[in-house]
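The values are calculated or read from the model by the stated rules, or taken from the named source; none is laboratory data. Being a predicted model, the structure only gives us computed values, none of them experimental. As a convention, Cβ positions derive from the backbone with ideal geometry for all residues, glycine included, and neighbour counts pool all protein chains shown.
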Amino acid sequence: MKIKLKFFAYYETLFQKDEMEVEISEHTTVRDVFFKVLHKNPHAHQLFKNTMFAVNQSYVQSATKLNSDDELAFIPPVAGG
Amino acid sequence: MPFKRYAIQMKLSEIGKAGQEKLSLAKVAMIGVGGLGAPLALNLAAAGIGHLVLVDGDQVSLENLHRQVLFTEEDIGKAKVVAAKTHLSKRNSEIKISAYAEFLSFQNISQLLSEVDLILDCTDNFHARFLINQYCVEQKKVFVYASVDQWRGQVALFTPKGPCLACLFSHVKDGLFQDCSQSGVLGVTASVVSNLQGQVALHWLLFQKDFSALFLYDAKKLQILSYKIQKQKYCEVCGEGVKERSDEVIFKSWNEVSRLMQDAPDQNILIDLRDAPTDALKGALHIPMVKILNGATAFDKNKTYILYCEKRIKSPFVREVLRKQGVAHVYVLQERVDQ
Ligand SMILES: [Zn+2]
């Protein structure tokens with residue numbers, strides 16, 4: 001099944017785009033998707049702990065399973081002020 | 001006529017005289033009078049917030065002027081809070097303004113913030129934000145978080161009912177998400193974000209409105225998105241504490257610790273972090289958190305330390321501080337020790 005990823009701030013810069021479609025199998029969790037798309041990033045674990053995840057614009061825990069056509073957002077904190 | 005200067009905002013049926021009175025009775029602290037705080041202070045003073053408490057240890061510099069529109073060229077080199085107070089008082093002499101030319105720290109936070117109704121996080125770093133967050137959870141205070149970097153900003157209200165900032169972002173280290181090559185910002189972007197923060201603050205003061213949302217502003221798309229947020233059961237600050245780290249040794253109860261201490265009393269040290277406990281667990285050393293953070297206590301890097309406090313808020317925080325100092329074996333007792 002397909003889901004849509006939505007990138008904010010840091011992730012938008014990292015992936016050079018603000019959204020992307022990915023193909024996942026059933027029972028895939030938010031966490032699985034994160035590490036799948038960031039597998040090359042040496043800081044993936046640290047980033048993971050400091051990223052808010054939202055499915056269809058609501059906060060979710062990283063163990064949440066995804067459904068077809070979900071929109072999963074990676075929301076990092078913004079640093080300055 | 002009292003409140004004459006506020007006549008136009010009082011014309012809003014939701015505000016009226018009753019709303020204006022609420023604002024004039026409010027005591028609001030602004031932590032940071034920079035990119036976010038300076039433009040927002042202008043509007044909050046003008047709106048008639050009865051008492052503004054300004055906290056910032058920084059001085060005005062030439063590079064501030066493009067976005068910190070409260071300041072003038074004559075202010076360069078002056079303490080921001082002092083310059084801010086001068087300008088704000090000229091714009092509204094009916095309100096009270098307190099200026100503290102110091103950075104927020106563990107030592108001064110309760111003295112500065114214990115009397116305020118609402119705290120505005122206008123800081124530029126996560127160290128200060130987590131300090132505010134922890135204090136607010138502990139003291140059941142409300143704060144509005146705001147941050148801005150390049151073309152993006154975030155705003156959220158955090159109340160005692162939760163979630164807290166650490167529910168969303170658990171251990172942010174400054175620099176992790178920064179694109180160090182080009183961190184800049186336009187004055188208008190910082191102003192939009194700070195005024196969005198002001199809007200959330202006024203909604204709280206006037207209507208006790210809690211959006212339970214993180215607002216994301218994108219200045220390139222001219223878009224504000226709202227994401228529903230929720231309390232995390234295992235939040236280290238407002239929840240039940242660490243769970244996700246499988247490598248973490250956690251002592252769930254006093255019995256477990258007691259056994260360990262009987263086996264090797266010299267190796268394992270139990271520390272009571274509370275300010276003034278009337279009782280202590282058997283064998284515990286009483287060292288208030290402030291003393292540790294001041295660096296007044298020496299720790300042996302080869303020993304094991306187990307920390308406890310009244311609400312498990314201080315312990316995880318102190319654990320991280322000690323680990324940064326190279327004390328590897330620091331653990332938290334999960335059982336609550338109520339006063
Ligand atoms: Zn929390």
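Please work out which one of (1) within 25 Å of the chain's Cα centre (by Cα); (2) over 26 Å from B:SER105 (Cα atoms); (3) at pLDDT 80 or above is the condition B:ASP266 fails and give its number.
(1)
Which residue, of B:ALA298, B:ALA276, B:ALA280, is assigned to a loop (DSSP other than H, G, I, E, B) and at pLDDT 85 or above?
B:ALA298
Before we move on, is B:VAL60 more than 16 Å from the ligand (Cβ to nearest atom), over 21 Å from B:VAL192 (Cβ atoms), in contact with a helix residue (DSSP H, G or I) (Cβ under 8 Å, 6 or more places away or on another chain) and without any contact (Cβ under 8 Å) to a residue 40 or more places away in the chain?
yes
Find all pairs meeting these conditions: Cβ atoms under 7 angstrom apart; at least six residues apart or on different chains; first residue within segment B:209-238 and within 14 Å of B:TYR145 (Cα to Cα) and within 12 Å of chain A (Cβ to nearest Cβ); second residue aromatic (Phe, Trp, Tyr) and not in a strand (DSSP E or B).
Listed by first residue and then by second, the contacts come to B:LEU216/A:PHE8.
Of the residues that make up segment B:4-25, is at least one under 25 Å from B:THR86 (Cβ atoms), within 14 Å of chain A (Cβ to nearest Cβ), hydrophobic (A, V, I, L, M, F, W, C) and within 26 Å of the chain's Cα centre (by Cα)?
No: zero hits.
Applying the selection to segment B:48-76, what residues are more than 21 Å from B:TYR6 (Cα to Cα), part of a strand (DSSP E or B) and not β-branched (Val, Ile, Thr)?
Across segment B:48-76, the qualifying residues are B:LEU54, B:GLN59.
Considering every residue within segment B:117-128, establish whether at least one is among the polar types (S, T, N, Q), more than 16 Å from the ligand (Cβ to nearest atom), in a loop (DSSP other than H, G, I, E, B) and surrounded by 20 or more Cβ atoms within 10 Å (Cβ to Cβ).
Yes, segment B:117-128 contains a residue that is among the polar types (S, T, N, Q), more than 16 Å from the ligand (Cβ to nearest atom), in a loop (DSSP other than H, G, I, E, B) and surrounded by 20 or more Cβ atoms within 10 Å (Cβ to Cβ).
Can you tell me which residues in segment B:137-150 are within 15 Å of the ligand (Cβ to nearest atom), charged (D, E, K, R) and either within 12 Å of chain A (Cβ to nearest Cβ) or in contact with a Pro (Cβ under 7 Å, 6 or more places away or on another chain) (or both)?
The answer is B:LYS140, and nothing else.
Taking segment B:216-234 as the search range and keeping residues that are under 21 Å from B:VAL137 (Cα atoms) and surrounded by fewer than 21 Cβ atoms within 10 Å (Cβ to Cβ), which one is farthest from the ligand (Cβ to nearest atom)?
Residue satisfying both the conditions and the ranking: B:LYS228.
Need the failing condition index for A:GLY80 against (1) in contact (Cβ under 8 Å) with a residue 12 or more places away in the chain; (2) farther than 13 Å from B:TYR227 by Cα, just the number.
With (1) in contact (Cβ under 8 Å) with a residue 12 or more places away in the chain; (2) farther than 13 Å from B:TYR227 by Cα applied to A:GLY80, the lone miss is (1).
Which condition number does A:GLU12 fail, the rest of (1) within 12 Å of another protein chain (Cβ to nearest Cβ); (2) closer than 25 Å to B:GLN232 by Cα being met?
Failed condition: (2).
Mind counting the residues in segment A:32-81 that are among the aliphatic types (A, V, I, L, M), facing another protein chain (nearest Cβ under 7 Å) and assigned to a loop (DSSP other than H, G, I, E, B)?
Number of matching residues: 2.
Select from segment B:129-149 the residues that are more than 15 Å from B:GLY34 (Cα to Cα) and either more than 12 Å from the chain's Cα centre (by Cα) or not in a strand (DSSP E or B) (or both) and list them in ascending order.
B:PHE130, B:LEU131, B:ILE132, B:ASN133, B:GLN134, B:TYR135, B:CYS136, B:VAL137, B:GLU138, B:GLN139, B:LYS140, B:LYS141
If only one of B:ALA18, B:ALA99, B:ALA45 is surrounded by fewer than 19 Cβ atoms within 10 Å (Cβ to Cβ), outside any loop (DSSP other than H, G, I, E, B) and either without any contact (Cβ under 8 Å) to a residue 60 or more places away in the chain or acidic (Asp, Glu) (or both), which one is it?
So the residue among B:ALA18, B:ALA99, B:ALA45 that is surrounded by fewer than 19 Cβ atoms within 10 Å (Cβ to Cβ), outside any loop (DSSP other than H, G, I, E, B) and either without any contact (Cβ under 8 Å) to a residue 60 or more places away in the chain or acidic (Asp, Glu) (or both) is B:ALA18.
Counting only residues that are under 19 Å from B:LEU225 (Cα atoms) and within 11 Å of the ligand (Cβ to nearest atom), how many does segment B:151-166 have?
Counting residues in segment B:151-166 that are under 19 Å from B:LEU225 (Cα atoms) and within 11 Å of the ligand (Cβ to nearest atom) gives 3.
Go through segment B:77-96 and count every residue that is out of contact with any strand residue (DSSP E or B) (no Cβ under 8 Å at 6 or more places or on another chain) and in a loop (DSSP other than H, G, I, E, B).
Residues in segment B:77-96 being out of contact with any strand residue (DSSP E or B) (no Cβ under 8 Å at 6 or more places or on another chain) and in a loop (DSSP other than H, G, I, E, B): 3 in total.
Among the residues of segment A:12-30, is any assigned to a loop (DSSP other than H, G, I, E, B) and within 17 Å of B:PHE169 (Cβ to Cβ)?
no
Given (1) among the acidic types (Asp, Glu); (2) more than 12 Å from chain A (Cβ to nearest Cβ); (3) under 20 Å from B:ILE49 (Cα atoms), identify the lone condition not met by B:ASP121.
(2)
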